[in-house]
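Enquirer: Please see the structure below; I have some questions.
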């Protein structure tokens with residue numbers, strides 16, 4: 001009964017978010033995010049029906065839709081990258097390279113797994129596979145977050161909300177899957193409640209931050225900067241060289 | 001497991017060094033005279049002078065104070081010079097951060113960012129911040145003339161070690177010659 005109540009509240013919040021997104025035309029700015037929400041809402045409705053009428057098939061439906069939502073959810077990370085770095089081609093270029101290195105490192109690590117390599121990893125139990133994929137997503141989000149901080153990328157309230165909510169969702173998923181792995185019996189009774197409650201928390205954040213459309217802060221770049229990148233690099237290097245020399249004097253004094 | 005702990009330990013150590021190098025100075029650390037001169041001395045130009053750097057870190061003033069044979073004067077000098085040296089290193093560290101911030105805030109707009117050059121520059125930035133952190137750590141631990149003192153201490157230690165080694169080899173020579181006697 002409690003499960004169905006939590007579920008119903010979740011579906012209500014998803015519909016509310018979709019309606020507000022349509023009213024505020026936020027779906028134009030974040031199409032993948034709203035596609036994800038639509039998918040999750042339809043999925044919840046179908047899953048609730050299956051749970052109620054044909055419970056024997058619930059777990060099959062759950063895992064299939066869970067992986068589909070994971071795939072669409074990965075698109076949200078791409079959308080965050082695309083929207084946030086639209087006005088910053090330099091930062092976007094650096095981010096692409098850093099993400100490439102991070103994904104390359106993850107792939108290399110997967111290949112070096114001793115017990116059977118990447119195919120065994122992929123064939124692992126569904127929970128572990130989902131946890132591993134969520135960890136990959138989490139690494140991508142952490143990398144993006146660090147680069148956004150480094151380049152002082154301004155966020156609007158909407159983008160900040162999507163990023164924070166989705167990061168929280170992924171973080172909580174990783175914790176849940178890890179706990180599931182290490183203490184199956186103790187966690188099992190709470191499992192069916194913990195996940196939806198955490199999801200409601202994330203939905204609450206999204207409802208709060210996506211209620212109104214909030215445009216991204218405008219940043220006016222220096223007009224000369226495009227032709228002066230080489231000069232900028234040379235100036236910074238020169239200043240660093242001078243600072244290093246001063247530290248050298250201090251050490252040798 | 002141990003590798004993971006070592007990695008975390010190194011990361012924590014680096015973060016501590018960075019925090020140390022960027023640490024805020026408290027007003028109570030400065031004398032009224034120093035507070036009055038703060039604006040003048042704190043300007044970026046004041047940091048550029050080689051004379052100033054050499055004057056702060058040179059042991060000549062300490063040698064002069066030591067000639068006075070006054071422990072109180074020596075203690076005062078040590079405290080004041082430590083504050084001045086820390087102030088200079090922290091200002092330099094902040095200057096490095098300011099330069100890098102200016103660079104990245106401008107580079108983020110550029111269409112033709114050179115990824116390799118940016119990575120190298122980031123490495124230089126980390127190196128400078130690390131050096132500042134090490135200097136702050138050494139100055140706080142050993143005083144304003146930390147590196148000179150450290151060098152002279154290492155020299156003494158090396159000398160002592162050499163002497164000990166000579167003594168040990170002499171003893172073992174004696175012992176081995178004693179063993180040879182039937």
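Enquirer: Would it be correct to say that residue A:92 is loosely packed, with under 13 Cβ neighbours inside 10 Å and assigned to a helix (DSSP H, G or I)?
Expert: When the stated conditions are applied, residue A:92 does not pass them.
Every residue, every condition in (1) assigned to a helix (DSSP H, G or I); (2) at pLDDT below 70; (3) facing chain B (nearest Cβ under 7 Å), yes or no:
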{"position": "A:212", "(1), (2), (3)": "no, no, no"}
{"position": "A:215", "(1), (2), (3)": "no, no, no"}
{"position": "A:219", "(1), (2), (3)": "no, yes, no"}
{"position": "A:225", "(1), (2), (3)": "yes, yes, yes"}
{"position": "A:234", "(1), (2), (3)": "yes, no, no"}
{"position": "A:246", "(1), (2), (3)": "yes, no, yes"}
{"position": "A:251", "(1), (2), (3)": "yes, no, yes"}
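Enquirer: Does residue B:111 fit the bill of being farther than 30 Å from residue A:84 by Cα and modelled with pLDDT under 90?
Expert: No, not satisfied.
Enquirer: Need the failing condition index for residue A:86 against (1) out of contact with any helix residue (DSSP H, G or I) (no Cβ under 9 Å at 6 or more places or on another chain); (2) not in a helix (DSSP H, G or I), just the number.
Expert: The one condition residue A:86 does not meet is (1).
Enquirer: Here's a follow-up. Checking the structure you have, find out if any residue of the range B:106-120 is closer than 24 Å to residue A:94 by Cβ, within 26 Å of the chain's Cα centre (by Cα) and surrounded by fewer than 17 Cβ atoms within 10 Å (Cβ to Cβ).
Expert: Filtering the range B:106-120 for residues closer than 24 Å to residue A:94 by Cβ gives B:106-120.
In the following step, the residues that additionally are within 26 Å of the chain's Cα centre (by Cα) were identified as B:119-120.
When the remaining residues are screened for being surrounded by fewer than 17 Cβ atoms within 10 Å (Cβ to Cβ), the result is B:119-120.
Yes, the conditions are met somewhere in the range B:106-120.
Enquirer: Within the range B:53-78, track down each residue that is over 30 Å from residue A:239 (Cβ atoms) and either touching a residue at least 12 places away in the same chain (Cβ under 8 Å) or surrounded by 14 or more Cβ atoms within 10 Å (Cβ to Cβ) (or both).
Expert: Correct list: B:62, B:65, B:74, B:77, B:78.
Enquirer: Determine which single condition residue B:113 fails, assuming it passes every other condition in (1) assigned to a helix (DSSP H, G or I); (2) within 10 Å of another protein chain (Cβ to nearest Cβ).
Expert: It is condition (1) that residue B:113 fails.
Enquirer: Hey, another quick one. For residue B:103, work out the one condition from (1) part of a helix (DSSP H, G or I); (2) buried (at least 20 other Cβ atoms within 10 Å of the Cβ); (3) at pLDDT below 90 it doesn't fulfil.
Expert: In the conditions (1) part of a helix (DSSP H, G or I); (2) buried (at least 20 other Cβ atoms within 10 Å of the Cβ); (3) at pLDDT below 90, residue B:103 misses (3) alone.
Enquirer: I would also like to ask the following. When you scan the range B:79-93, how many residues do you find that are surrounded by fewer than 20 Cβ atoms within 10 Å (Cβ to Cβ) and within 11 Å of another protein chain (Cβ to nearest Cβ)?
Expert: Looking only at that region, the number is 1.
The values are calculated or read from the model by the stated rules, or taken from the named source; none is laboratory data. These numbers were taken from a predicted model, which means no experiment stands behind them. Glycine gets a Cβ as well: all are built from the backbone with ideal geometry, and neighbour counts include every protein chain shown.
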